[in-house]
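Participant: Attaching a single structure in structure tokens format; questions to follow.
The values are calculated or read from the model by the stated rules, or taken from the named source; none is laboratory data. All values derive from a computational prediction rather than experimental measurement. Methodologically, a virtual Cβ is constructed for each residue, glycine included, from the backbone with ideal geometry; neighbour enumeration extends over all protein chains shown.
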Amino acid sequence: GAGVSQSPSNKVTEKGKDVELRCDPISGHTALYWYRQSLGQGLEFLIYFQGNSAPDKSGLPSDRFSAERTGGSVSTLTIQRTQQEDSAVYLCASSLGARGGGDNSPLHFGNGTRLTVT
Amino acid sequence: AQSVAQPEDQVNVAEGNPLTVKCTYSVSGNPYLFWYVQYPNRGLQFLLKYITGDNLVKGSYGFEAEFNKSQTSFHLKKPSALVSDSALYFCAVRDRQAGTALIFGKGTTLSVSS
């Protein structure tokens with residue numbers, strides 16, 4: 001079946017502009033994650049949605065970053081007033097999620113959105 | 001808080017030699033542990049995971065990892081490296097407590113020479 005789909009694949013924006021990144025998870029996956037990958041910084045956790053629970057926003061680096069997940073499916077990551085340090089690859093992943101306890105299901109990653117802030 | 005440490009930015013091995021990529025973790029409770037691989041110009045792929053039971057877990061492409069609770073480690077191993085194993089490897093951990101996110105290490109670049 002279809003994997004995790006992210007759009008756009010590349011985005012170039014001017015400093016100070018807002019951007020929206022989209023993620024379509026695998027159908028039936030209740031958990032959705034956003035990560036940021038920068039050179040030398042590894043995979044930085046941003047936000048985690050699990051079913052109808054309140055999202056874990058503890059990884060968002062500033063209040064310029066926000067995310068929502070509508071109808072338990074598609075997610076949008078919004079970055080307001082972009083800065084050059086926001087340049088990175090933004091990865092979305094989904095998984096089957098927690099089933100009555102901790103979540104040990106593997107994550108399925110999209111190909112990412114490469115964001116360049118000029 | 002959860003954290004993962006991959007102490008080596010890069011590991012170099014010759015083809016046919018055994019390889020080890022190190023990972024240590026910190027969680028408040030008991031962990032679920034994972035390894036993922038990112039091949040050049042490709043997305044992240046799941047390799048293997050530790051949930052419970054046997055401390056030695058086997059995964060894709062001949063890789064295995066050993067869970068050591070006393071040393072809080074989960075090192076990735078392969079008996080005989082291939083040039084095609086060259087990639088970026090990530091260790092990840094989450095607390096078994098429901099609702100916690102999966103935290104990744106900074107990654108280790110494995111380079112296998114022929």
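Participant: Considering only residues of segment B:80-99 that are over 18 Å from B:Cys23 (Cβ atoms) and not hydrophobic (A, V, I, L, M, F, W, C), which is surrounded by the fewest Cβ atoms within 10 Å (Cβ to Cβ)?
Facilitator: Quick first cut of segment B:80-99, residues over 18 Å from B:Cys23 (Cβ atoms) only: B:80, B:82-84, B:86, B:97-99.
Adding the requirement that they be not hydrophobic (A, V, I, L, M, F, W, C) leaves B:80, B:84, B:86, B:97, B:99.
Numbers: B:Ser80: 12, B:Ser84: 10, B:Ser86: 17, B:Gln97: 13, B:Gly99: 14.
Going through the qualifying residues, I end up with B:Ser84.
Participant: Here is a further query. Which numbered condition in (1) modelled with pLDDT under 95; (2) over 21 Å from A:Ser95 (Cβ atoms) is the only one that B:Thr52 fails?
Facilitator: Every listed condition holds for B:Thr52 apart from (2).
Participant: Mind listing just one residue for me: the one in segment A:25-76 that is of a type in the set (Asp, Glu) and free of Cβ contacts under 8 Å to residues at least 12 places away in the same chain and, of those, farthest from A:Asn104 (Cα to Cα)? Outline the logic, then answer.
Facilitator: First, the residues of segment A:25-76 that are of a type in the set (Asp, Glu): A:44, A:56, A:63, A:68.
Restricting the remaining residues to those that are free of Cβ contacts under 8 Å to residues at least 12 places away in the same chain gives A:56, A:63, A:68.
Values: A:Asp56: 17, A:Asp63: 30, A:Glu68: 23 Å.
Per the stated criteria, the residue is A:Asp63.
Participant: Here's a follow-up. Please state which one of A:Gln83, A:Gln41 is over 29 Å from B:Tyr50 (Cα atoms) and surrounded by fewer than 18 Cβ atoms within 10 Å (Cβ to Cβ).
Facilitator: Being over 29 Å from B:Tyr50 (Cα atoms) and surrounded by fewer than 18 Cβ atoms within 10 Å (Cβ to Cβ) holds for just one of A:Gln83, A:Gln41, which is A:Gln83.
Participant: Restricting to segment A:48-80, give me the number of residues that are over 19 Å from A:Pro8 (Cα atoms) and within 14 Å of another protein chain (Cβ to nearest Cβ). Spell out the reasoning first.
Facilitator: Applying the first criterion (over 19 Å from A:Pro8 (Cα atoms)) to segment A:48-80 yields A:48-64, A:71-72.
The next check asks that each one be within 14 Å of another protein chain (Cβ to nearest Cβ); those that pass are A:48-60.
Total satisfying the criteria: 13.
Participant: To continue, here is another question. So, in segment B:43-76, how many residues would count as being assigned to a loop (DSSP other than H, G, I, E, B), free of Cβ contacts under 8 Å to residues at least 24 places away in the same chain and either crowded, with 16+ Cβ neighbours inside 10 Å or under 12 Å from the mean Cα position of the chain (by Cα) (or both)? Even if it seems obvious, please write down each step before you answer.
Facilitator: Here is the first cut: in segment B:43-76, the ones assigned to a loop (DSSP other than H, G, I, E, B) are B:43, B:51-55, B:59, B:63, B:69-72.
With free of Cβ contacts under 8 Å to residues at least 24 places away in the same chain added as a condition, the list becomes B:43, B:51-55, B:69-70.
Subsequent filtering for residues that are either crowded, with 16+ Cβ neighbours inside 10 Å or under 12 Å from the mean Cα position of the chain (by Cα) (or both) retains B:43.
Residues in segment B:43-76 being assigned to a loop (DSSP other than H, G, I, E, B), free of Cβ contacts under 8 Å to residues at least 24 places away in the same chain and either crowded, with 16+ Cβ neighbours inside 10 Å or under 12 Å from the mean Cα position of the chain (by Cα) (or both): 1 in total.
Participant: Please enumerate the residues belonging to segment B:22-42 that are crowded, with 17+ Cβ neighbours inside 10 Å and either free of Cβ contacts under 8 Å to residues at least 24 places away in the same chain or of a type in the set (A, V, I, L, M, F, W, C) (or both).
Facilitator: B:Cys23, B:Val27, B:Leu33, B:Phe34, B:Trp35, B:Val37
Participant: I'd like the full set of residues that are surrounded by fewer than 19 Cβ atoms within 10 Å (Cβ to Cβ) and in contact (Cβ under 8 Å) with a residue 40 or more places away in the chain, limited to segment A:106-117.
Facilitator: Taking segment A:106-117 and keeping what is surrounded by fewer than 19 Cβ atoms within 10 Å (Cβ to Cβ), we get A:106, A:111, A:114, A:116.
Those that are surrounded by fewer than 19 Cβ atoms within 10 Å (Cβ to Cβ) and in contact (Cβ under 8 Å) with a residue 40 or more places away in the chain: A:Asn111, A:Arg114, A:Thr116.
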